[in-house]
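Comments concern the structure below.
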Amino acid sequence: MTAIAQFEYINNQAVVYQNAGDPVISVDCKKKELIGEYKNSGQEWEQKGDAPKVNVYDFPDKEKGKAAPYGIYDIANNEGFVNVGISHDTAVFAVSSIKGWWEHMGKQRYPLARRVYITADGGGSNGSKTRLWKQELEKFAKEAELEIRVSHFPPGTSKWNKIEHRLFSALTMNWRAKPLVSLQSIVNLIAATTNDKGLKVKAVADETVYITGLKVTDEDHDMINIKKEDFHGEWNYVINST
């Protein structure tokens, strides 16, 4: 029952924001993908003899590494932004991706917006218990002069996060059976993604090296300008820019 109540809370908040013309975005990091001549699941028709050659084994290429696509999905406009990193999926990377969406798409689409509503999973780099996620969001809120409201899906319910079935599933379908031979090829495949509902996607490459293991002290955590909601404040909170 708690999960259902949280779903209803998220839906009600999303309606309020959308009716006011403010952005509602669903965020998450897609699973990492090997970069190189590797087999990709799926089937595509090719002329005989023209099928791409792939490696027999999926041993990671130390030079090319893996791609980490962090996505932001604008629910009202059926638009996606994907920041394709080659480093670690950290809270800094997650918020940097959201900042990228705001700079490339968000503030053009919502020039009058002074607040953003983010829905996210309960764990990972954008998890409800991740202090660095909240600290980085506060930095972004101050830079963009935005109020940021966040709601997390309860543990075990991440499949209900709209980005999963409205953006990530489309990405997977678009690059099925295509080897992800380079970072730029991944960016190009993502940017070319669409579906019968008119999905539009912008993708950028992010070659920043994100450091793992960064800690937020109790003192710094207590200084974050965060207000927990009365209803499940561990999942629902507002971060202000002032």
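The values are calculated or read from the model by the stated rules, or taken from the named source; none is laboratory data. Everything numeric in this text was worked out from a predicted model, so none of it was measured. Note: ideal-geometry Cβ built from the backbone for every residue, glycine included; neighbour counts use all protein chains shown. Accessible surface is based on the protein model in full, side chains and every heavy atom, while ligands, DNA and RNA are left aside. Shrake-Rupley method; radii C 1.70, N 1.55, O 1.52, S 1.80 Å.
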Practice task
Confirm whether LYS215 is of a type in the set (D, E, K, R) and either in contact with a Cys (Cβ under 7 Å, 6 or more places away or on another chain) or not in a helix (DSSP H, G or I) (or both).
Solution key: yes
Practice task
Write out, first by first residue and then by second, each pair whose Cβ atoms fall under 7 Å of each other, whose residues are 6+ apart or on separate chains, and whose first residue, in segment 194-220, is within 20 Å of ASP89 (Cβ to Cβ) and of a type outside the set (Asp, Glu) while the second is open to solvent by less than 80 Å² (accessible area, probe 1.4 Å) and part of a loop (DSSP other than H, G, I, E, B).
Solution key: VAL201/THR193; THR208/SER87; VAL209/SER87; TYR210/SER87; TYR210/THR90; THR212/THR90
Problem - Which numbered condition PHE81 fails, given (1) of a type in the set (A, V, I, L, M, F, W, C); (2) modelled with pLDDT of 95 or more; (3) over 20 Å from THR172 (Cα atoms) - result: (3)
Problem - Test: ASN12 is out of contact with any helix residue (DSSP H, G or I) (no Cβ under 9 Å at 6 or more places or on another chain) and modelled with pLDDT of 95 or more - result: yes
Practice task
Answer yes or no as to whether VAL95 is in contact (Cβ under 8 Å) with a residue 12 or more places away in the chain, in contact with a Gly (Cβ under 9 Å, 6 or more places away or on another chain) and within 21 Å of SER158 (Cα to Cα).
Solution key: no
Practice task
Among the strands (runs of 3 or more DSSP E) lying completely within segment 97-208, list those that include at least 1 residues that are surrounded by fewer than 16 Cβ atoms within 10 Å (Cβ to Cβ).
Solution key: 200-206
Practice task
With the checklist (1) within 17 Å of the chain's Cα centre (by Cα); (2) within 15 Å of LYS30 (Cβ to Cβ) in hand, flag the one item MET173 doesn't pass.
Solution key: (1)
